[in-house]
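Chemist: Before anything else, here's the structure in question.
The values are calculated or read from the model by the stated rules, or taken from the named source; none is laboratory data. Note that this is a predicted model, so its numbers are computed, not measured. Quick reminder, even Gly has a Cβ in these numbers, built from the backbone with ideal geometry, and neighbours come from all protein chains shown.
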Amino acid sequence: MPQAYYNAKAGVKKLTTETGAGQWGSALALACAMFGMECEVWQVRASYDQKPYRGLMMETWGAMIHPSPSDVTEAGKKILAMDPDSPGSLGIAISEAVEAAMQSDDVKYSLGSVLNHVLMHQTVIGEEALKQLEIAGDTPDLLVGCTGGGSNFAGLSFPIMREKLAGRMSPIIRAAEPEACPSLTKGEYRYDFGDTIGMTPLVKMHTLGHDFIPDPIHAGGLRYHGMAPLISHLYDQGMMEAVAIGQTECFEAALLFARTEGIIPAPEPTHAIAAAVREANACKESGEEKVILTALCGHGHFDMSAYDAFLSGRLVDHDYPADKIAAAMKNVPVIG
């Protein structure tokens, strides 16, 4: 809503964007409809195929949607020429959306994660969590959040980090990312492009290399080669932790959560749920009591094909491919 509002106020007629699992694309599609703007979305091919109803939701709100890589941009054509069966990545989808926005002065690109202003908007999550904790009379001993580009994790953790720095609480803050795309735990902290083709400015972040194409895991919203600069900085300073978890463990935790809480989680927050379950089980072993805080950032009603794959035994883990990361890092610019 803030991005659509300020663009509309500036006279922008259309916003382009990328989306993985589709939550951000859906959000921007609705926001553009409310402010009378067009919206064009490039959805990562793997998620486009896995989650067809997300695309229909965006179209219902008036957006035009393309599977990425697509044949409507030069960036997409370049990727398809190299790999006609490419599962896509958020980096590729960003390249396409940025290219499309460059064609006209009244079209702008809108990003749903990573950048500082997006993380700022998302902190409403953490502020609301603090109010809920106050009502419950609790302070967290551990905060865990799923982490891809970083907006959801920052949204929950930054207000808690503020309270920690002020000495009002002292939780451990832990990011949970997929083993198939472990930018914090396996990436390098250096300048890199935010997109695959290299159209964006260089950003200092933990990165697997802008050429890195993650395996098509079901957590499409976490398949980004880099991490938000602010989160990367905090991690580099030792102010937070990170763990990488495979999708089998995540879906085991998802079933436990669904059968306990009655809510079917999206694949993305199952990483945080799995990390919370790990900690809760450790507390059972030690007898220690802890308050564990996490945020459920999406339901899984459009992700039942992923649950079908898990329940039928077809879901497999994808460990990070070190050779792919090494190859992708070769093209990362060396600064200084």
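Chemist: Could you say which residue among Thr123, Thr60 is at pLDDT 95 or above, in the same structural domain as Gly25 (by TED's automatic domain parsing) and not small (Gly, Ala, Ser)? Lay out the reasoning, then the answer.
Modeler: Working: Thr123 fails: in the same structural domain as Gly25 (by TED's automatic domain parsing).
The conditions single out Thr60.
Chemist: Read through the list (1) out of contact with any helix residue (DSSP H, G or I) (no Cβ under 6 Å at 6 or more places or on another chain); (2) without any contact (Cβ under 8 Å) to a residue 60 or more places away in the chain; (3) farther than 16 Å from Ser26 by Cα; (4) assigned to a helix (DSSP H, G or I), then give the number of the only condition that Ala100 fails.
Modeler: (2)
Chemist: Ok, one more. Any idea which residue in the range 189-221 is surrounded by the most Cβ atoms within 10 Å (Cβ to Cβ), counting only those that are in contact with a Leu (Cβ under 8 Å, 6 or more places away or on another chain) and not in a loop (DSSP other than H, G, I, E, B)?
Modeler: Asp192
Chemist: Any idea which residue in the range 222-279 is surrounded by the most Cβ atoms within 10 Å (Cβ to Cβ), counting only those that are of a type in the set (A, V, I, L, M, F, W, C), in contact with a His (Cβ under 8 Å, 6 or more places away or on another chain) and in a loop (DSSP other than H, G, I, E, B)?
Modeler: Met227
Chemist: Please determine, by comparing only the residues of the range 55-79 that are under 17 Å from Met199 (Cβ atoms) and among the hydrophobic types (A, V, I, L, M, F, W, C), which one is surrounded by the fewest Cβ atoms within 10 Å (Cβ to Cβ).
Modeler: For the range 55-79, the residue satisfying everything is Val72.
Chemist: Would it be correct to say that Ala176 is in contact (Cβ under 8 Å) with a residue 60 or more places away in the chain and either in contact with a Pro (Cβ under 8 Å, 6 or more places away or on another chain) or not in a strand (DSSP E or B) (or both)?
Modeler: Working: in contact (Cβ under 8 Å) with a residue 60 or more places away in the chain: yes; either in contact with a Pro (Cβ under 8 Å, 6 or more places away or on another chain) or not in a strand (DSSP E or B) (or both): no.
No; evaluated as a whole, the condition is false for this residue.
Chemist: Which residues, counting only those in the range 45-69, are assigned to a strand (DSSP E or B) and among the hydrophobic types (A, V, I, L, M, F, W, C)?
Modeler: Matches in the range 45-69: Met64, Ile65.
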